[in-house]
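Notes to accompany the following structure.
The values are calculated or read from the model by the stated rules, or taken from the named source; none is laboratory data. Predicted model only: the values in this text are computed from it and were never measured. We place every Cβ from the backbone using ideal geometry, glycine too, and count neighbours over all the protein chains shown. Quick note on the areas: whole protein, heavy atoms, side chains included, nothing else; ligands and nucleic acids left out. Shrake-Rupley method; radii C 1.70, N 1.55, O 1.52, S 1.80 Å.
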Amino acid sequence: MQTIEKLDALRDSPADVAAPVSSRMHSTVARAIVDRYHNGSEIRKMFDDGVRLKTIHGPDNVADLSIGNPPFPPPAAFTRALQQFASARGRHSYMQNAGFLDVREAVARSLNERGFFNAIEGQHIVMTTGAAGAINVVLKTILEPGDEVIVPRPFFSEYRYYIDNHGGRMVLADTGPAFDLDVAAILEKVTASTRAVIVNSPCNPTGRVYPETTLQALADNLKRLSDQRGSPIFVISDEPYRELLFDNARFTSIASLYCNSFMCYSWSKAFSIAGERIGYIAVNPTLRTDDWPTLIGSLAMCNRFLGFVNAPAFMQRVIGAALNAPPETDHYARRRTLLCQALDEGGYRYARPEGTFYIFPETPGTEDDFIRRAREELLLVVPGRAFGAEGWFRLSFAATDRAVELACERLVRLSR
Ligand SMILES: Cc1ncc(COP(=O)(O)O)c(C=O)c1O
């Protein structure tokens, strides 16, 4: 155990004087982690704050629109499959790290039937613990130390940590007006060290769904640059919200358009099963490699090395049987309409989301002041800086009727 004197000496050492206060105080937790814990995740802080405020004021009085954690029941086909596999004699042991082959084949069939690919097969699929697991496995597999990963801003805040986990460097590219994907801004950031671009459509936090023409332009340019330099610039297409679309918005996956791509998917959002941790990587079958077994074997091995080992066996079975169940999106459409009406009434500036269950309005006044005033009104939202975009805030309408109703009143009040 550290004595007080030792801790004082540690605190006063020259290296520690320069370090942030949080890391000087801790000797048990690695510096990078303790700094992240104290300064890093705005979303985690909001989550903890929400739990505390609900205990003090009662859950019915807090409008918690902070977290993207759908509170709705999963599709009936999923629940039926749960019951079916719970009472069947199933295998609960390890399997190949890529997952059950029959489930991978079912995923591949569904991707072909839905037009994402022409000829993807089970061998191109690796089952993962959600999209988070999928992205970490891909990054672990492809990154050399110091490799750059281009991320359009605003971005899902966890990307920063995922890239850092595997020795990469996140390079931000600005988006255009109304947060449209800006292909020229992405290309400007390409260097000899660029290894990948992350494309997230529909986008968390902006709700934008990128049009096919824009994605095709990005794909064409990345192909040209990859050919020129003789090594691939990969695309990681992070698409857990692709079924959550409004007003006939059309989703296109860049993974369908660009050979050197990894599609990362999760059922967390479409099926409201975020706690179950199930998703996959689909590698574009035209990806340019002369050694497929090593690529797929390495992805599967990284699933193991990262400690996931394999996607949960029971969930693989259930998802394998319920894959094609249509997600329920009506509750999101209704909530989006109500919140947009309140934002319009309050005169907020925002782009109407085309997908996801998020809206990303501009803060009236400074971000800090707005977030503080919102919290005083027991309205929990995530500040834009968490997504690399100060002066904006994210509302999640994966929330109860009551929370949305309260949020609408409070948003109008806060705009005055
Ligand atoms: C854009 C984006 N990517 C990945 C994830 C991680 O998804 P999962 O929890 O299903 O792994 C999330 C979760 O919120 C997300 O918003």
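Taken over region 139-232, the alpha-carbon convex hull comes to 89 cubic angstrom per residue.
The value of relative contact order for the chain, using C-alpha pairs under 8 Å at least six residues apart, is 23 percent.
If you sort the three axes of the alpha carbon gyration tensor as a ≥ b ≥ c, you get a/c of 1.5 or more for region 193-268 and a/b above b/c, which makes it prolate. This model, with +1 at the C-beta of Lys and Arg and -1 at the C-beta of Asp and Glu, gives region 198-247 a dipole about its Cα centre of some 240 debye.
Positive end of the charge dipole of region 304-413 (Lys, Arg +1 and Asp, Glu -1 on Cβ, about the Cα centre): tell me which of Y348, T337, V412 has its Cα farthest that way. Going by the Cα projections, it comes out as T337. Would you work out if region 27-158 is rounded, prolate or oblate? Take a ≥ b ≥ c from the square roots of the eigenvalues of the alpha-carbon gyration tensor; rounded if a/c is under 1.5, else prolate when a/b is larger than b/c, oblate otherwise. Oblate.
Tell me, what is the percent relative contact order of region 151-251, built from C-alpha pairs under 8 Å that lie six or more residues apart? Walk me through the numbers before you get to the answer.
Numbers: 112 pairs, mean separation 28.2, N = 101.
The value is 28 percent.
Sum up the charges of everything whose Cβ sits under 14 Å from the Cβ of G99, counting Lys and Arg as +1 and Asp and Glu as -1, but leave G99 out.
On the way: positive: R91, R104, R277, R304, R317; negative: D102, E105, E121.
Net charge around G99: +2.
Stokes-Einstein D for region 140-186 at 4 °C, 1.567 mPa s, Kirkwood Rh over Cα pairs, in µm²/s? The estimated diffusion coefficient comes to 115 µm²/s. Residues in region 381-389 carry Karplus couplings, in order, of 9, 9, x, x, 4, 4, 10, x, 9 Hz; the curve used is 6.51 cos²θ - 1.76 cosθ + 1.60 with θ = phi - 60°, and Gly or Pro positions show x.
Please list the helices of the chain that count as membrane-span-like by this rule: a mean Kyte-Doolittle hydropathy of at least -0.5 together with Cα atoms stretching 15 Å or more along the helix axis, each helix being a complete DSSP H run.
Numbers: long enough: 42-57 (21 Å, -0.62); 76-87 (17 Å, 0.30); 101-113 (18 Å, -0.32); 130-142 (19 Å, 1.36); 212-229 (25 Å, -0.96); 292-305 (19 Å, 0.62); 330-346 (24 Å, -0.92); 401-414 (20 Å, 0.14).
Passing helices, by number: 76-87, 101-113, 130-142, 292-305, 401-414.
In this Cβ point-charge picture (+1 for Lys and Arg, -1 for Asp and Glu), the chain has a dipole of about 700 debye about its Cα centre.
Direction-averaged shadow area of the convex hull around the Cα atoms of the chain, nm²? Please report the intermediate quantities before stating the final value.
Values: hull surface 92.4 nm².
Projected area, direction-averaged: 23.1 nm².
Report the local net charge at E354: Lys and Arg +1, Asp and Glu -1, summed over other residues whose C-beta lies under 12 Å from its C-beta.
Details: positive: R208, R242, R250, R336, R352; negative: D180, D247.
Here the charged neighbours net out to +3.
Under 1.5 on a/c is rounded, so check that first for region 177-305, then, if it is not, pick prolate when a/b is larger than b/c and oblate when it is not; a ≥ b ≥ c are the square roots of the alpha carbon gyration tensor eigenvalues. Oblate shape, in that a/c is at least 1.5 and b/c is the bigger or equal ratio. Taking the helices alone, the chain has a mean residue ellipticity at 222 nm of -13000 deg cm²/dmol, built from -39,500 (n - 2.57) per DSSP H run of at least 4 residues and averaged over all its residues. Ordered from longest to shortest, the equivalent ellipsoid semi-axes for region 241-328 are 25, 20, 10 Å, each the square root of 5 times a Cα gyration tensor eigenvalue. Close amide H contacts of V235 (hydrogens built in the peptide plane, cut-off under 5 Å, sequence separation of 5 or more or a different chain): V197, S261, F262. The convex hull around the C-alpha trace of region 294-416, projected and averaged over every direction, spans 10.9 square nanometres. Here region 83-168 yields Rg over Rh of 1.07, to two decimals, using C-alpha coordinates and the Kirkwood radius. Here's how it looks for V171: its modeled amide H is under 5 Å from those of V149, I150, V151, which are all 5 or more places away or on a different chain.
Solvent-accessible area per residue in the chain equals 44 Å², computed with a 1.4 angstrom probe and all protein chains kept.
First compute the accessible area of region 246-364 with a 1.4 Å probe, then give the percent of it belonging to carbon and sulfur atoms. Let's see the in-between values first.
Numbers: 2210 of 4550 Å².
Roughly 49 percent, rounded to a whole number.
By the rule of a C-alpha distance below 23 Å, with chain neighbours fewer than 8 residues away ignored, the lysines paired with K223 are K140, K189. Taking all protein chains as shown and a probe of 1.4 angstrom, S193 keeps an accessible surface of around 50 Å².
Please give the peptides 314-324, 334-344 ranked by average Cβ packing (other Cβ atoms within 10 Å per residue), highest first, as a rough proxy for protection. List each step's numbers first, then the result.
Numbers: 314-324: 20.5, 334-344: 18.1.
Descending mean neighbour count gives 314-324, 334-344.
Cross-link partners for K269 among the lysines, with Cα-Cα distance under 22 Å and sequence neighbours closer than 8 places in the same chain left out: K45. Looking at region 234-315, the trypsin sites (Lys or Arg not before Pro) that sit in a DSSP loop and have at most 12 other Cβ atoms within 10 Å of their own Cβ are R250, R288.
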